[in-house]
Amino acid sequence: MIPHASAPLAPPSHSSAPPRAIARAVALATAIAAALLAVTAPSGAQQPAGAPTATGPGIPSNYEPPEGAPYRAEEVRVPTPGGFALAGTLTLPHGAAGPVPVVITISASGPQTRDEPLSRGYRFFAQLADTLGRRGIGVLRLDDRGVGGSGGDFDTATSRDFADDVQAALAWLRSRAATQRDVDSGRLALLGHSEGGLVAPMVAANDSALGAVVLLAGPAYPGRRILESQLQDEIRADASRAGAQLDSMLASSPWMRFFGSYDPLPTARRVRVPVLILHGTTDKQVTPEQADTLAAAIRSGGNRAVTVRLIPATNHLFLADTSGAPSGYGRLPSKLVGPAVLGPVVEWLVTQLDAAAITPPAGSGPGRGAGRR
């Protein structure tokens with residue numbers, strides 16, 4: 001769960017302070033900035049919607065499916081009550097006997113385009129769309145408001161506003177189901193990563209018609225507690241200065257104010273649809289014990305259809321990583337999410353959404369999608 005910030009915080013000016021105190025203040029400000037920027041700085045997320053960066057095998061350098069894929073991709077625009085449209089890609093399987101289930105992806109924090117390019121070479125949502133498309137499930141992935149091809153204002157938005165955008169996407173899919181009959185309005189699901197795992201329950205708590213919800217590294221704690229956990233060493237060294245820095249940071253924007261104070265658990269208790277919670281055991285940004293805390297809250301509201309999976313040696317990006325330190329993301333040898341993550345997600349969704357197997361187009365051969373390596 002990473003707040004969106006665009007520059008390191010400057011340390012407070014204390015010209016008469018001892019050098020050691022100044023050094024400690026600089027170190028604290030740097031640590032806070034590093035915690036905030038660990039994912040969002042290298043994302044390149046504000047590039048034009050039609051020009052994502054090239055990545056690994058099976059993921060093309062645009063939003064088109066890989067050659068021979070058993071699904072098609074349609075560029076779409078989703079209207080919102082705010083008067084702007086969200087740009088996105090809807091992938092739908094070929095050869096379906098009737099309307100198909102569709103999953104809406106919800107991205108992590110920071111200004112994200114539809115593939116969630118949180119780090120160079122990383123396009124988690126493209127991999128998910130490819131893998132699900134090969135199992136008979138459509139995927140709608142969207143540029144955040146004010147990012148890529150989408151209208152609206154990202155800078156003034158909070159997680160609550162992003163939940164409104166997801167509700168608009170659900171309304172658009174249900175309208176399409178009634179007119180074009182290629183989407184099954186009774187088999188719609190949400191999949192949220194990091195902040196997306198905060199947003200998805202906001203929507204699901206008020207929409208019992210959803211078929212399923214997947215929460216990937218979704219937070220169970222308010223944002224202030226998450227940041228305090230990330231900066232615990234600095235807080236122990238200088239609690240008063242750390243508290244002042246956090247207070248200043250959490251008051252710096254509408255998003256930060258919401259993030260710092262919002263408690264996900266009361267909303268989680270109101271979710272009534274089946275939920276899959278996945279977490280990496282080396283996640284240093286949203287710590288892995290939050291998976292069980294979130295699951296307990298959902299169950300306490302009367303929903304017993306909750307599955308929790310912890311993926312060993314896997315970081316916040318769901319990449320194989322024995323350390324999990326955000327500072328090491330850029331040095332990881334692969335930015336492709338592996339079958340240890342994709343497999344449980346896809347198999348659970350196939351079961352929950354009763355997805356039918358599809359037959360690839362004649363002569364297409366086996367797919368080269370990233371989820372099938």
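Any residue in region 159-166 that is closer than 24 Å to Y71 by Cβ, touching a Pro at 6+ places or on another chain (Cβ under 8 Å) and either among the hydroxyl-bearing types (S, T, Y) or surrounded by fewer than 23 Cβ atoms within 10 Å (Cβ to Cβ) (or both)?
no
Is there a residue being at pLDDT below 90 and open to solvent by less than 50 Å² (accessible area, probe 1.4 Å) anywhere in region 324-347?
no
Report yes if D144 is open to solvent by less than 10 Å² (accessible area, probe 1.4 Å), at pLDDT 95 or above and within 21 Å of the chain's Cα centre (by Cα), otherwise no.
no
Quick grid of which residues meet (1) within 23 Å of I311 (Cα to Cα); (2) surrounded by fewer than 23 Cβ atoms within 10 Å (Cβ to Cβ); (3) without any contact (Cβ under 8 Å) to a residue 12 or more places away in the chain:
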residue	(1), (2), (3)
P219	yes, no, no
P222	no, yes, no
I226	yes, yes, no
S229	yes, yes, no
A239	no, yes, yes
P254	no, yes, no
Y262	no, yes, no
T267	no, yes, no
L278	yes, no, no
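Hey, does region 89-96 have a residue that's of a type in the set (A, V, I, L, M, F, W, C) and modelled with pLDDT of 95 or more?
Yes - at least one qualifying residue is present in region 89-96.
The values are calculated or read from the model by the stated rules, or taken from the named source; none is laboratory data. It should be emphasised that the depicted structure is a prediction, and the values quoted were computed from it without experimental measurement. Note that each Cβ is placed from the backbone with ideal geometry, even for glycine, and that neighbours are counted across all protein chains shown. Calculation scope for accessible area: heavy atoms of the full protein, side chains included, ligands and nucleic acids excluded. Shrake-Rupley method; radii C 1.70, N 1.55, O 1.52, S 1.80 Å.
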